[in-house]
Amino acid sequence: METDKFVDTLIPLAQFAGLADLEARWRYEVMMAHPGSNQAQIVETRLDELQKQRMRFNEYGGQLEAYWNVFPQRPGKDYTSAHN
């Protein structure tokens, strides 16, 4: 299935059906498949909300770390300077 159709159809279906685990996994997979794209930024925003709502902070932290490893030049996400 084409990524745009997947994002526009199946992910919202999982969201509205209350399938939070599936929605989170699919959103993360889209981010990793297209790092740095506008689509990844949009998906990341909802993933952030979803993972915080679910209180899955360890899972989300791992997802962000993996994403930053494949897209290290992401603006505003310099986590090394935040700890200084």
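The values are calculated or read from the model by the stated rules, or taken from the named source; none is laboratory data. If you're wondering where the values come from, they're calculated on a predicted model, not measured in any experiment. Here the Cβ is made from the backbone with ideal geometry for all residues, glycine too, and neighbour counts use every protein chain on show.
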Next item on the list: Scan the range 1-35 residue by residue and report those that are acidic (D, E), over 18 Å from F71 (Cα atoms) and surrounded by fewer than 17 Cβ atoms within 10 Å (Cβ to Cβ).
Entry: E2, D4, D8, D21
Next item on the list: Only residues in the range 7-19 that are modelled with pLDDT of 90 or more count as the first member; pair them with residues that are not in a helix (DSSP H, G or I) and not aromatic (F, W, Y), Cβ under 9 angstrom, at least 6 apart or cross-chain, and list the lot.
Entry: T9/M1; L10/M1; L13/L19
Check: For N38, which of the numbered conditions (1) under 15 Å from T3 (Cβ atoms); (2) surrounded by 12 or more Cβ atoms within 10 Å (Cβ to Cβ) fails to hold?
Finding: (2)
